[in-house]
Amino acid sequence: MFMTHLECSLTGERYAADQLHNLSKAGKPLLARYDLAAVAKVLNREVIAARPAGMWKWRELLPLPEGKDPVSLGEPETPLIALDGIARMQGTRAPLVKDEGRLPTGSFKARGLAMAVSMARHFGVKRIAMPTNGNAGAALAAYGARAGIETIVICPAETPQINIDETAAYGAKVYIADGQIDECGALVGKGAAEGRWFDFSTLKEPYRIEGKKVMGLELAEQLGWKLPDAIFYPTGGGTGLIGMWKAFDELEAIGMIGPERPRMFAIQAEGCAPMVRAFEAGEEYAERWEGAATIATGIRVPKAVGDFLILRAVRDSGGAALAVSEEAIAAGVRDAAEADGMLLCPEGGAVLAGWRLALERGLVKPEEQVMLFNCANGNKYPLTDRSRRIELGNVLPAEL
């Protein structure tokens, strides 16, 4: 095992890696730290290339102790898809989409929850709970079922019904509550404080981020160990953005990449944009966003515990936090489907819209290589019925 300890992301205080933790004493996320010099002696590009594709090829940079089997549903390496049709529309180099909808349960939440549930089983946790806007709850329920751990999920009332039904199908106890995800999270925290379960809320345990950072590790290898000029990421809790930024530092430390970094763009909806507001105001922390509303439910997060980590990564990389309209989100989904045959989820549509906005503002150049993250399978979301009815007979409608 190459993980040496956990570290408070704010104060740097160390915590033992062989004990179960939630947040640090300062109330901030804990980050896993590794003996990267030791990792560098056993892990290089050739070793990685020789291993079967998938999340678990990166075991030296993951926290699960050696000899412990992961809780897995066969997490694959997700493909990079060039949006050539969109490129023709925009007059740019084709943006690449990393399609996380190919993962188990149809979303990128599978990466983080596979890792976090693996560690929970390792530590003997019997009951876990989280708040969710949809995909995280489904992934937690699936991996919880796989691990034999009882799962409780609390959803805001606006959570898509298909996500609620999917979560319940895995045997989780699902509760729907009025309010936003952070308010559901407060209920989960209250139950954890009473000893009812272990709190699996975003960044309130240390290991979901370690699963999510595999996106960055995988991306680097897929691009021949040269990172893109810019990454556009749908940002609610921000675990993946923070995780990828961490992954790039670890890859440099073990000699797999150089110091160059992509500009990180945190994309939010205009109806819920606490990071954008804080970024534009030059604030280190983001105040809660009141009245959050967007069709992109995965980024409808009024308050994120890792706000300062998101803002640091965005600023340190020379990127930006951008808010896009509901109309731009819907247009992103429609255009990618019609021009490239790729059905993005609403959050993926928001990312495409964010790239377009960045182009308009001159934050990215048309010739730059950009990476857009589609975080879930578009079929998991309600779609507009655009079909037309015809009468069967010998005469075809004129419009055909």
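Please treat every number below as a calculation from the coordinates, not as lab data. Note that the structure is predicted; figures quoted are calculated from it, not measured. Glycine gets a Cβ as well: all are built from the backbone with ideal geometry, and neighbour counts include every protein chain shown.
Overview of values
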{"item": "P(r) histogram, all alpha-carbon pairs of segment 79-118 included - 5 Å bins from 0, percent", "result": "6, 23, 17, 16, 12, 11, 9, 4, 2"}
{"item": "Long-range HN-HN contacts of residue 319 with modeled amide H, under 5 Å", "result": "264"}
{"item": "Kyte-Doolittle at least -0.5, axis length at least 20 Å by Cα - qualifying DSSP helices, the chain", "result": "239-253, 326-340, 346-360"}
{"item": "Area projected by the alpha carbon convex hull of segment 148-234, averaged over all directions, nm²", "result": "7.9 nm²"}
{"item": "Cα→Cβ-extended label distance, 7 Å offset, between residue 285 and residue 388, nm", "result": "5.6 nm"}
{"item": "Nonlocal amide H pairs with residue 175, under 5 Å, H built at 1.01 Å", "result": "153, 154, 155"}
{"item": "Convex hull of the chain built on C-alpha atoms - directionally averaged projected area, nm²", "result": "21.4 nm²"}
{"item": "With at most 14 other Cβ atoms within 10 Å, longest stretch of the chain clear of loop chymotrypsin sites (Phe, Trp or Tyr not before Pro) (DSSP)", "result": "1-122"}
{"item": "DSSP-loop trypsin sites (Lys or Arg not before Pro) across segment 102-152, with at most 12 other Cβ within 10 angstrom", "result": "126"}
{"item": "Cα-based Rg / Dmax (Å) for segment 243-316", "result": "14.3, 46"}
{"item": "Computed Kirkwood radius, in angstrom, where 1/r is averaged over Cα pairs of segment 1-100", "result": "16.8 Å"}
{"item": "CD proxy at 222 nm, helix term only [per DSSP H run n ≥ 4: -39500 (n - 2.57); per residue of the chain; nearest 500]", "result": "-11000 deg cm²/dmol"}
{"item": "Globularity index of segment 181-329, i.e. its alpha-carbon radius of gyration over 2.2 N^0.38 Å", "result": "1.09"}
{"item": "Euclidean distance between Cα centres, segment 41-104 to segment 315-375, Å", "result": "21 Å"}
{"item": "Range of Cα positions in segment 98-250 per principal axis (Å), largest first", "result": "46, 33, 25"}
{"item": "Selection of GluC sites (Glu not before Pro), segment 1-81, meeting DSSP coil and at most 12 other Cβ within 10 Å", "result": "66"}
{"item": "Rounded if a/c under 1.5, otherwise prolate or oblate - segment 324-375, Cα gyration tensor axes", "result": "prolate"}
{"item": "Relative contact order %, the chain, counting alpha carbon pairs below 8 Å whose residues are six or more apart", "result": "17 percent"}
{"item": "Residue 69-residue 84 pseudo-label distance in nm [points 7 Å out on the Cα-to-Cβ vector]", "result": "4.3 nm"}
{"item": "Highest-MSF residue in the chain out of 176, 310, 242 [GNM, Cα springs under 10 Å]", "result": "176"}
{"item": "Point-to-point label distance, residue 53-residue 194, nm (Cα→Cβ direction, 7 Å offset)", "result": "4.7 nm"}
{"item": "Descending principal axes extents, segment 299-400, alpha-carbon based, whole Å", "result": "66, 33, 19"}
